[in-house]
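The values are calculated or read from the model by the stated rules, or taken from the named source; none is laboratory data. Everything numeric in this text was worked out from a predicted model, so none of it was measured. Note that we place each Cβ from the backbone using ideal geometry, even for glycine, and neighbour counts take in every protein chain shown.
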Amino acid sequence: MTTPGRLHNLVAIVTGGGSGFGESICAAFAREGARIVVADLNAANGERVARALQAEGGEAEFCRTDVGKSVEMGALVSAALARFGRIDIMVNNAGMSHPNRPMLEVTEEFFDRLYEVNVKSLYLAAVHCVPVFRRQGGGGFINIGSTAAVRPRPGLAWYNGTKGAVILLTKSMAVELAPDKIRVNAINPAIAETPLLTTFMGAPDTPENRARFLASIPLGRLCRPADVANAAVFFADPASEFITGTCLEVDGGRCI
């Protein structure tokens with residue numbers, strides 16, 4: 001007899017689910033039996049991921065979403081409820097960064113969009129998901145932070161600031177929402193093999209440029225999407241019901 005997965009029949013929304021960490025989280029959740037709403041601004045990527053999950057026998061659908069817009073986050077939550085009838089896990093993974101550069105070279109327009117996507121999205125997720133979780137008697141948020149908030153690198157000042165906000169908001173939300181049986185945790189990856197790699201490096205992805213970053217990671221490699229996905233499964237698993245407000249470094253030892 002096949003044993004049900006750790007997330008059997010749970011419903012998860014994964015923002016930024018069309019690539020990188022989000023794509024890997026969607027796949028890992030689906031393997032553990034979750035039903036997935038893939039949210040992404042890039043329709044081609046999001047639809048590709050949803051189709052791949054369906055091809056593997058999973059239940060999934062795509063919803064194009066700009067996480068910085070309340071009306072679109074509301075539509076995302078409504079779509080999840082219409083398809084699956086409930087929401088158990090909201091993964092706030094969608095994010096962006098400015099290229100590695102001096103802080104004063106980042107334009108005000110880009111700064112505003114950066115904070116809209118990386119920080120305001122957590123507010124909007126709470127606005128639209130918390131009432132659902134309260135009606136259900138519980139639920140969980142998993143926020144994707146960064147080691148940039150714990151051990152910031154130069155050249156990423158404003159991005160670092162957004163991830164600092166993610167960590168503090170995770171802890172604040174966890175304390176306030178605990179009486180409602182709503183858990184809130186975060187994952188802080190190190191620099192990773194995702195489409196944002198060269199943005200963080202501020203240089204082409206060459207062995208020489210990678211070596212500079214690898215030198216700061218004791219385990220000697222970059223973070224991989226699967227590393228973050230495995231941590232997300234742990235937080236989503238009902239077996240982790242007594243864990244909230246935790247910000248877990250998935251960083252190969254960088255923050256030691």
Just one listed residue, out of I187, I167, I256, is outside any helix (DSSP H, G or I), surrounded by 14 or more Cβ atoms within 10 Å (Cβ to Cβ) and of a type outside the set (G, A, S), and it is I187
Of all residues in region 150-164 being crowded, with 23+ Cβ neighbours inside 10 Å and not polar (S, T, N, Q), which is nearest to V77 (Cα to Cα)? K163
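At least 1 residues that are touching a residue at least 60 places away in the same chain (Cβ under 8 Å) in each: list the helices (runs of 4 or more DSSP H) lying fully within region 1-98 that qualify.
Correct list: 20-31, 70-84.
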So D112 clears everything in (1) outside any loop (DSSP other than H, G, I, E, B); (2) surrounded by 15 or more Cβ atoms within 10 Å (Cβ to Cβ); (3) without any contact (Cβ under 8 Å) to a residue 40 or more places away in the chain except one condition, right? Which one? (2)
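Residue-by-condition table, conditions (1) under 15 Å from G245 (Cβ atoms); (2) among the aliphatic types (A, V, I, L, M):
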site	(1), (2)
L122	yes, yes
G140	yes, no
N143	yes, no
S146	no, no
S172	yes, no
Regarding T194, is this residue touching a Lys or Arg at 6+ places or on another chain (Cβ under 6 Å) and not in a helix (DSSP H, G or I)? no
Would you check if G202 is touching a residue at least 24 places away in the same chain (Cβ under 8 Å), surrounded by 15 or more Cβ atoms within 10 Å (Cβ to Cβ) and on the phi > 0 side of the Ramachandran plot? yes
Residues within region 82-137 that are of a type outside the set (A, V, I, L, M, F, W, C), over 23 Å from N42 (Cβ atoms) and out of contact with any Asp or Glu (no Cβ under 7 Å at 6 or more places or on another chain), tallied: 11
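Run down R101, R51 and say which single residue is of a type in the set (K, R) and modelled with pLDDT of 95 or more.
R51 is the lone residue from the list that is of a type in the set (K, R) and modelled with pLDDT of 95 or more.
Applying the selection to region 117-153, what residues are outside any helix (DSSP H, G or I) and without any contact (Cβ under 8 Å) to a residue 40 or more places away in the chain?
Within region 117-153, just P152 meets the criteria.
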(1) over 20 Å from Y123 (Cβ atoms); (2) of a type outside the set (A, V, I, L, M); (3) in contact (Cβ under 8 Å) with a residue 12 or more places away in the chain: which one isn't true of N209, the others all being true? (3)
When F234 is run through (1) buried (at least 20 other Cβ atoms within 10 Å of the Cβ); (2) within 25 Å of L10 (Cβ to Cβ), the failure sits at (1)
Residue within region 123-135 that is of a type in the set (F, W, Y) and either modelled with pLDDT of 95 or more or in contact with a Ser or Thr (Cβ under 7 Å, 6 or more places away or on another chain) (or both) present: yes
